[in-house]
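Each remark here refers to the structure printed beneath this line.
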Amino acid sequence: MSVVEQRDAPASTAERAPRGRRSRSLLGWAVVVALVLGGVFVAIQVGVRMPDQRGSLDPESVGDSGTMAIAQILEDNGVEVSVFRSRDEARAALDDDTTLVMANPYTLTDDGISELIEPADRVVFLSSSTHLLNLLRIGDNAAPDSTPVQAECDAPEFADVGTIRPDRLFRPADGVEGCFGADDAAAVLIDETDGTTHAVVEGARLFSNAYLAEDGNAALGLALLGQTDRVVWYVPSFDDTDIEGETDDTLGSLTPGWVTPAILLLMIAGVAAALWRGQRFGPLVAETLPVTVRASETMHGRARLTAKAGDAAHTAEAIRDGSRRRLARRLGLAVTAEVADAAADRLRVPRGSLHDLLGGATPADDPSLIDLARRLQELENAVDASSFTERRSE
C-alpha cells in the first residue's frame, strides 16, 4: 500500500478505553486481592496461635471466671501447682503431702471419681452437685445466704481468714465439720476420716479472678489449698470422660477433603464480587432513627426481672434455649433440629447425657441452676474446641 492510500484509509471507529481508567481498574482489583490474601493470612495466624479455650474455675484461665490468680498466689507462697487435664496423669502425680483440687467432675462416673480420689490424702472440690454430695456422703444443699460469715469452727487453718460472702451453703452430714456458717448451713464442709480429708466449697464466686480480692476470699483459698507443699489441680472436661458408648461417624469425617477448600474459594469469590459490585452504588445514606435503644439495656432489664421473680425453672429454660440456639449455629443445624444428638456425635459422648443436659428436668433451686449454667458453658466450650480442632486438622 502506498503512502497516499494510507492517508486516504478511513479512520477506525472502535472506541478505545482510556488508559487511566484501565490502570485504575487493575489497581482496584490488585487492592481487593491483597486485602483477601491479607485477611486469609491473618486468620491462619490467629487460628494457629489462638490459646485453648478455658472454662470456669480453670487455673490456666485469665478470664473473670478463671482461677489463675489463686494459683499464682499459691506459687508465690511456695506451693507447687501442677495442672492436669487427664485423670490418669493426675492420679499418677499424687504422692505424700499433695492436695488434689478439682471442680465438680461431672464428666466422670462414680467409679471414675472414686478411682481418682482414692490415693489422695487431701481432696478439695471447688464446686459440687447434689449427686457428688451424696456420693461423698458429706452433706446436702442448704438455703442460700450471702450475708458475711466467719469461720466459727475448730479448723486452725481458718483462724486468720476473716469474713467471706458465700453464695452457696451446705448442710453437713453427721461427723462432718461445717465452717463459715451455722451448724445447719455452712459454706465449707470438711470430712476427716481414716487419715483422709475431703473438703467441699462453692468457689465460683469466692475464688474466681473477678472476686478473689474481695473480703477474705484469697485467704480462704490459701487456707484450703495451701496446706501441703504441692497441689495437683485436675480440670474435668468432655475430652477426658470415662463414659463408654458407641458413636457414629460425624459429618466432618464423612466429608471429602476438597470440600473445605472449595467453600473457602467460594467465600473469597463472594467477598470480591461484593466489593466490586458495591462500589457501583456509591456511599450508603445514613438515616437518623427517632429512638436508639442499646441491646444491653434490654438484656439487663430482663435479667433484673428474672432475678426479682426468683423463677429458677423459667430461667433454666431460657438458658437452655440460648445454648441450643448457639450450638445449632456452631453445628450448622436448624434451631428445631436435634442439637443434643449432633453435639454428642461431635464430642463422641453418649447421647443420653446431653439429652438430659439440654432438655431434662428443670432445676428447682439456685444452686442447681448455677450448676446447670456452668455445665452448659462447658458444653459450648467443648463444641467450639472440637470445631476448631477439626478445622485445623482439615
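The solvent-accessible area of Trp29, taken with every protein chain present and a 1.4 Å probe, is close to 110 Å². So for region 322-367, what percent of the C-alpha to C-alpha distances run longer than 14 Å? Counting pairs separated by more than 14 Å, the tail of P(r) holds 50 percent. Binning the alpha carbon pair distances of region 100-210 at 5 angstrom intervals from zero yields the distribution 2, 12, 24, 26, 21, 11, 5, 1, expressed in whole percent.
Taking amide H as placed 1.01 Å from N in the peptide plane, Thr197 has its amide H under 5 Å from the amide H of Arg122, Val123, each at least 5 places away in sequence or on another chain.
Each of Gly181, Thr107, Val123 was placed along the dipole of region 102-249 (beta-carbon charges, centred on the mean Cα), and the one lying farthest toward the positive end is Gly181. Restricting the calculation to Cα atoms, every distinct pair contributes to the Kirkwood radius of region 146-257, found to be 16.6 Å. Counting Lys +1, Arg +1, Asp -1, Glu -1, what net charge surrounds Arg325 among other residues with beta carbon under 15 Å of its beta carbon? Combined, the nearby Lys, Arg, Asp and Glu give 0.
Between Ala92 and Asp341, the C-beta separation translates, for a Förster distance of 30 Å, into a calculated FRET efficiency of about 0.30. Global size of region 100-159: 13.8, 37 Å for Rg and Dmax (C-alpha atoms, Rg to one decimal, Dmax whole).
The Cβ shell under 12 Å around Gly301 holds other residues with a net charge of +3, Lys and Arg each +1, Asp and Glu each -1. Note on Ala182/Val259: beta-carbon distance plugged into 1/(1 + (r/R0)^6) with R0 of 56 Å gives a FRET efficiency of 0.35. Exposure check, 1.4 Å probe, all protein chains in place: Val31 carries approximately 70 Å² of accessible surface.
Summary of the geometry: region 128-196 and region 210-246, compared by the centres of their Cα atoms, lie 17 Å apart.
Heavy-atom accessible area with a 1.4 Å probe sorts Ile370, Ile190, largest first, into Ile370, Ile190.
The values are calculated or read from the model by the stated rules, or taken from the named source; none is laboratory data. Quantities reported herein were computed from a predicted structural model and do not represent experimental measurements. All Cβ positions, even for glycine, are placed from backbone atoms using ideal geometry, and neighbour counts span all protein chains on display. The protein model used for the area step is the full one, side chains on, heavy atoms only, and it has no ligands, DNA or RNA in it. Shrake-Rupley method; radii C 1.70, N 1.55, O 1.52, S 1.80 Å.
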